[in-house]
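Before any comments, here is the structure.
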Amino acid sequence: MRDVLDSVEAWRADGHRVALATVTRVQGSAPRPPGAKMAVCDDGRWVGSVSGGCVEGAVLEEAGRVLAGEPPKLVTFGITDEMVWDVGLACGGVIDVFVEPVP
């Protein structure tokens, strides 16, 4: 997590806007525990992981929306009948990820 926080600090010091995604809840099997973080810079750089790779693309999109002015949001990812062909966790778990701008 130190890499994530160091990157956030450096990006903010350079004048960039940053969004932070944090795993807030895990149900069943998931690759990252609650508290796992991913930071997204307004220029597209990112660091950290909230799922080990299976939902990072969707989190990047959500972070972009938050950086564009949408309110912070809680997003749920997992395998459901509706999601099986979309974004989901191959391990069968469910995670909640909170995406917010860094003030």
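Yes/no matrix, rows are residues, columns are (1) of a type in the set (D, E, K, R); (2) under 17 Å from E100 (Cβ atoms):
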| site | (1), (2) |
| --- | --- |
| D14 | yes, no |
| A19 | no, yes |
| T22 | no, yes |
| M38 | no, yes |
| G52 | no, no |
| G69 | no, yes |
| L74 | no, yes |
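Here V23, V8, V18 are screened, and the one residue that is among the β-branched types (V, I, T) and within 11 Å of the chain's Cα centre (by Cα) is V23.
Conditions (1) closer than 16 Å to A58 by Cα; (2) of a type in the set (S, T, Y); (3) at pLDDT below 95, marked per residue:
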site: R2; (1), (2), (3): no, no, yes
site: W11; (1), (2), (3): no, no, no
site: H16; (1), (2), (3): no, no, no
site: S29; (1), (2), (3): no, yes, yes
site: M38; (1), (2), (3): yes, no, no
site: D42; (1), (2), (3): yes, no, no
site: W46; (1), (2), (3): yes, no, no
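Tallying residues that are under 11 Å from W11 (Cα atoms) and surrounded by 13 or more Cβ atoms within 10 Å (Cβ to Cβ) within the stretch 23-44 yields 4.
In the stretch 64-80, the count of residues that are surrounded by fewer than 17 Cβ atoms within 10 Å (Cβ to Cβ), at pLDDT below 95, at negative phi and of a type in the set (S, T, N, Q) is one or more.
The values are calculated or read from the model by the stated rules, or taken from the named source; none is laboratory data. All values derive from a computational prediction rather than experimental measurement. Backbone-built Cβ (ideal geometry, glycine too); neighbour counts: all protein chains shown.
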